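Here the structure is laid out as structure tokens; the discussion comes afterwards.
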Amino acid sequence: MIKCENLNIGYGAHVIQHDLSFTLADGELIALLGANGCGKSTLLRTLAGLQPALGGTYSPEPNEKAVALVLTERLSVESATVRDVVAMGRYPYTSFLGTLTATDHRIVDQAMRQVEVYDLADTYYNDHSDGEKQRILIAKALAQQTPVILLDEPTAHLDLPSRIKTLNLLRTIAHEQGKTILISTHELDLALRAADRVLLMFPKGEGMQLDTPEHIRHTDALRCAFGMDIPLAE
């Protein structure tokens, strides 16, 4: 699980959010929601160890065997097959030479099957649609075999069917494999339908609220977070 106590996040001496305390359980898909600039990506990068916390504590300790991070930036790898990209998730476990064992290959194959890209294994990653690439990157995170997976805008650049499929896939992985999956997203309607819980971040360092999607829908929390009334589908 993810546990934060009085966590301060930001850049350099600039604190974006302070005194964040929350616990996210195993086997949950949690949607991280909030307006642009409130610190969603900063929180994910801090939890992944890409930038230091400015105060407080959090666990698990960020390392490549504990936390997998999938960023919103599109990955471009020339002459790499789908199998090559997914196999990158095994590098924390390989020798100095980066040689994959039979066990590593089996884990890579299993990850590709779980996200339904196994049939694409020997095709080039760059030749695929954005939706397929997103599933491939999720397979890479699964191959990394971490208890925590963080995703920054995993449905960006995707059409509606691919957005729905991606969120449903992440929910299934969280439930069936007992992983803690935290995603930042602007897909409010879809997130409130797919997520088990919502981590709603408020602007101007005003903290956050961890709650159920149902309760978030029927309070003024979204209006406080976004500074306006948010129309949601029934």
Exercise. GNM on the chain, C-alpha springs below 10 Å: top fluctuator among His128, His218, His175?
Worked result: His218
Exercise. Can you work out the FRET efficiency for the pair Asp84 and Ser59, with r the C-beta to C-beta distance and R0 = 45 Å, to the nearest 0.05?
Worked result: 0.90
Exercise. For the pair Asp229 and Glu116, how long in nm is the line joining their label points, each one 7 Å along Cα→Cβ?
Worked result: 3.8
Seminar exercise, completed: If each part is reduced to its alpha-carbon centroid, the stretch 1-42 and the stretch 95-149 end up apart, in Å, by 28
Exercise. Which residue, Leu170, Leu188, Leu137, has the most motion in a Gaussian network model of the chain that connects Cα atoms within less than 10 Å?
Worked result: Leu188
For this session: Could you calculate the FRET efficiency of Thr172 with Tyr11 from 1/(1 + (r/R0)^6), where r is the beta carbon distance between them and R0 is 30 Å, rounded to 0.05?
Result: 0.30
Exercise. Label points 7 Å out from Cα along the Cβ direction at Met1 and Asp189: separation in nm?
Worked result: 3.3
For this session: Report the extension gain between Thr94 and Ser21 in nm, rounded to one decimal, defined as 0.36 nm multiplied by the number of residues separating them, less their alpha carbon distance.
Result: 22.8 nm
For this session: With a point put 7 Å past each Cα toward its Cβ, work out how far Ala156 is from Ala35 in nm, to one decimal.
Result: 2.0
For this session: Subtracting the Cα-Cα distance from 0.36 nm times the residue separation, let me have the gained length for Glu214 to Thr103 in nm, one decimal.
Result: 35.7 nm
Exercise. Excluding same-chain residues fewer than 8 positions from Lys40, which lysines have a Cα within less than 21 Å of its Cα?
Worked result: Lys3, Lys179, Lys204
For this session: For a quick protection proxy, order the peptides 46-57, 220-231 by their average other-Cβ count within 10 Å, most packed first.
Result: 46-57, 220-231
Exercise. DSSP beta bridges in the chain, what fraction antiparallel, as a percent rounded to 5?
Worked result: 45
Exercise. If you work out Cα extents along the principal axes in Å from the coordinates, which of (1) 44, 40, 30; (2) 51, 40, 31; (3) 44, 42, 35 do you get?
Worked result: (2)
Problem set entry | Gly10 long-range amide H proximity, modeled H, under 5 Å | Ile16, Leu54
For this session: Can you put Ser76, Ser184, Ser129 in order of Cβ neighbours within 10 angstrom, beginning with the fewest?
Result: Ser76, Ser129, Ser184
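Taken together, the values in this text are just the output of simple stated rules run on the coordinates, not laboratory data. Keep in mind the model is a prediction, meaning the values are calculated, not measured. Every residue, glycine as well, gets a Cβ built from its backbone with ideal geometry; the counts of neighbours run over all protein chains shown.
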